[in-house]
Amino acid sequence: MFFRNSSLFKSGEESSIGGFVSLGPGVTIGKRVSIGAEAKIAPGVTVCDYAKIGACVIISPFITIGEGSEVTIGSLVTESIPPNTKVQGNPAK
């Protein structure tokens, strides 16, 4: 895991973060979240409880990934994702 500028982040219980993940400052990760390898999460992002972030996903600054949502492998997230929604693509929809 790589922390930009020695940033701090909050992580919930039982969450897993893959290798070579980049987290910007002020990222909040809920409980039981899964983040795949090589994901890049910009500053100020909130990943809510039970969300799944696939490998190689890029999430733009100040986005919220809703509770129970899933972002598939290689997606680019440019807008907040509502709860219990599955998105994919570039941009993720």
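The values are calculated or read from the model by the stated rules, or taken from the named source; none is laboratory data. All of these numbers come straight from a predicted model, not from anything done at the bench. No Cβ is skipped: glycine too gets one built from the backbone with ideal geometry, and neighbour counts run over all protein chains shown. Side chains included, ligands, DNA and RNA excluded: accessible areas come from the protein's heavy atoms. Shrake-Rupley method; radii C 1.70, N 1.55, O 1.52, S 1.80 Å.
State which residue is surrounded by the fewest Cβ atoms within 10 Å (Cβ to Cβ) when the search covers only the stretch 58-87 and only residues that are over 15 Å from Gly30 (Cα atoms) and in contact (Cβ under 8 Å) with a residue 24 or more places away in the chain.
The selected residue is Pro61.
Need pairs with beta-carbon distance below 9 Å; first residue open to solvent by 30 Å² or more (accessible area, probe 1.4 Å) and in a loop (DSSP other than H, G, I, E, B) and within the stretch 12-32, second of a type in the set (Lys, Arg) and modelled with pLDDT under 85; sequence gap 6+ or separate chains.
Pro25/Arg4; Gly26/Lys10
State all residues of the stretch 33-44 that are over 16 Å from Thr85 (Cβ atoms), open to solvent by less than 30 Å² (accessible area, probe 1.4 Å) and not in a strand (DSSP E or B); if no residue qualifies, say none.
Within the stretch 33-44, Gly36, Ala39, Ala42, Gly44 qualify.
Out of the stretch 45-56, which residues are open to solvent by less than 20 Å² (accessible area, probe 1.4 Å) and either more than 17 Å from Pro82 (Cα to Cα) or small (Gly, Ala, Ser) (or both)?
Of the stretch 45-56, the ones open to solvent by less than 20 Å² (accessible area, probe 1.4 Å) are 45, 47, 51, 53-54.
Correct list: Ala51, Gly54.
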